[in-house]
Amino acid sequence: MLSGLTMDDYQLSLTPVVERAEQLSSRREVVYRRPDGTIERTTMGACIERGRRLAGALKNLGVGDGDRVASLMWNQPEHLEMYFSVPAMGAVIHTINPRLHPDELTFIAQDAEDKVVVVDETLLDVLGSFQHRWEHVIVVSHSGDSLDGATDYEALISDAEPAEWPEPDERRAAAMCYTSGTTGRPKGALYSHRALVLHSLVGALPDQLGLASRDTLLPVVPMFHVNAWGLPYMAAFTGAGLVLPGPKLDAISVLDLLADERVTMTAGVPTIWQGILQLEDAPDLSSVREIMCGGSAVPEALIRAYDERFGIPILQGWGMTETSPLASTSRVPAEEELSDEERYKVRACQGRVLPLVDYRIDEESGGELQVRGPWIARAYYNDESSDEKFTEDGWLRTGDVAEMVHGSYIKLVDRTKDLVKSGGEWISSVELENEIMAHPDVLEAAVIAIPDERWGERPCACVVRKEGSSLDAEGVREHLKPRVAKWWIPDRVEFIDEVPKTSVGKFDKKVLRARFASQTAAPTA
């Protein structure tokens, strides 16, 4: 036995990640935009130093090992300071999505047993909708106004002694996020230090995001949504610069930051990038080497449009709250001998799983994709229904129906709950949506199943036309004829002003089902 000669049992904690950034990239710039549009600048080192003082202040308030500290903030430096300090002090940062319904917000805060909340003053109205008793409310104020019963963030940390981090423990909980609750109550995912370190390390690899110290990263994805896809920790790991956009995420505001700050990489949901395409004029985006896109399926038409108009490749990533979230990327390796058409098809897939992530397609579950790995949850926090989502041997049931293309690329065909079963045959709503969105006059499209006396279910296409378009239902069907099987073509096409979306930008099909599933079909032309 040679077990005594193995390597040091080094703890994979976020603490060394923060300390590395503190030592080696402390002068790396962090740019941020306040809610009033003002651009301010700080550094990674200053954020960590302030984070140490925040940790000291929280300890003085009674925050201890494993206590949940909630954040209700935008992408802003105070949020980054919490990302660093709360896990490093041994507590758990619980990022809360301010766009959720008050009932969901109340449930989440109570279920997590949040002890303290740090809130941006622009979100105080949202905080007022909670039915939860916080031990301490800490307000990040831009106006200088005080709030009765609350503590001012700047005053709190200015008087605090910087904390020394305790000995790291990689199995300790570091962060907490809740699912968006589209199929019931939100469910909590608790992330360990080890999980987030490995997620950051692998996610930054060249064949994944390829993030490096020379990069300037703008996370459009909110820091309250699944750890901003892990990007703040990847930036600290690699020494990349950060541009934090605050609450202004309209197309013009995002474009201005991309151009003015010479951003090299950015990340957000498809609706952000679709919106930018609708603008006639765009600034110089030559610094942007890549866009990370995820949160919902990325249409092939969107990938092509950015190649043709901007010369900027879109890299699709796939994951879930339960996967921390990155589990696969659609980067095509150089050795793959594919035609241009095949390459686009692969880039529109969810791609290859990241190293250390295992996957399988369970045919007994209708072709469901299942995954497991060191940053993939084994159960929900405080939830007795976990067995419905996780197998005994550690596999996460994703709820996504998948198939393999070109041997090793995952293509999500649909959500198990969104498939259309027509005459005993399955129709993929996602695939049908992508083909409809390839029409030059279509801005967005969502496909839902509606009852049908003869076939059981038929697809209904809910289409958003581009401004000024006269596209009609027959035009949609003619466009689809050479692209999909005849029986996939929807009998019913509804033109709508916009596709309703969830709090994190995904298509909210339950709203469309409630609107159209029980209605008589509208005229098709």
Residue-averaged [θ]222 nm for the chain, counting only DSSP H segments that reach four residues, each worth -39500 (n - 2.57): -7500 deg cm²/dmol
In sequence order, calculated HN-Hα J values of the stretch 374-381 (Karplus, 6.51, -1.76, 1.60; Hz; x Gly/Pro): x, 10, 10, 4, 9, 6, 8, 6
Phi to ³J(HN,Hα) by Karplus 6.51 cos²θ - 1.76 cosθ + 1.60 over the stretch 404-415, Hz, x for Gly, Pro: 9, 10, 6, x, 9, 9, 7, 10, 7, 7, 4, 7
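About the Cα centre of the chain, how large is the charge dipole given +1 on each Lys and Arg Cβ and -1 on each Asp and Glu Cβ? Please answer in debye to the nearest 20. It would help to have the intermediate numbers written out before the result.
On the way: 54 positive and 84 negative charges, 87 e Å.
I would put it at about 420 debye.
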0 to 90° range, to nearest 10: angle between helix 300-309 axis and the chain longest Cα axis: 70
Amide hydrogen neighbours beyond the local backbone of residue 141, cut-off 5 Å, H modeled: 153, 154
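Specify whether the C-alpha gyration tensor of the stretch 136-178 places it in the rounded, prolate or oblate class, a ≥ b ≥ c being the square roots of the eigenvalues: rounded for a/c under 1.5, otherwise prolate if a/b is larger than b/c and oblate if not. Before the final figure, lay out the partial values.
Details: a/c = 3.49, a/b = 1.75, b/c = 1.99.
Oblate.
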Share antiparallel - DSSP beta bridges, the stretch 1-160, percent rounded to 5: 25
Mean projected area in nm² (Cα convex hull; one quarter of hull surface) for the stretch 14-405: 19.2
Amide H within-cut-off set for residue 397, under 5 Å, with H built and near neighbours excluded: 390, 391
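Tell me the relative contact order for the chain as a rounded percent, counting alpha carbon contacts under 8 Å between residues six or more apart. Please report the intermediate quantities before stating the final value.
Working: 1066 pairs, mean separation 54.4, N = 525.
Over the chain, the number comes to 10 percent.
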Percent RCO, i.e. relative contact order, over the stretch 418-516, from Cα pairs under 8 Å lying at least 6 residues apart: 26
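Between residue 23 and residue 158, what FRET efficiency comes out of the Förster formula 1/(1 + (r/R0)^6) with R0 = 25 Å and r the beta carbon distance, rounded to 0.05? Please report the intermediate quantities before stating the final value.
Details: r = 24 Å, r/R0 = 0.97.
So, using R0 = 25 Å, E works out to roughly 0.55.
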Whole-number percent relative contact order across the stretch 59-149, with pairs defined as alpha carbons under 8 Å at least 6 apart: 31
Other-chain or far-sequence residues with amide H under 5 Å of residue 28's (modelled H): 44, 45
³J(HN,Hα), Karplus 6.51/-1.76/1.60, whole Hz, each residue of the stretch 88-98, x for Gly, Pro: 5, 7, x, 8, 10, 7, 10, 7, 10, 7, x
The stretch 418-516 shape via C-alpha gyration tensor axes, a/c threshold 1.5: oblate
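Quick note: the coordinates plus some simple rules give every number you see, no bench work behind them. Note that the coordinates shown come from a computational prediction; the quantities given were computed from them, not determined experimentally. Here the Cβ is made from the backbone with ideal geometry for all residues, glycine too, and neighbour counts use every protein chain on show.
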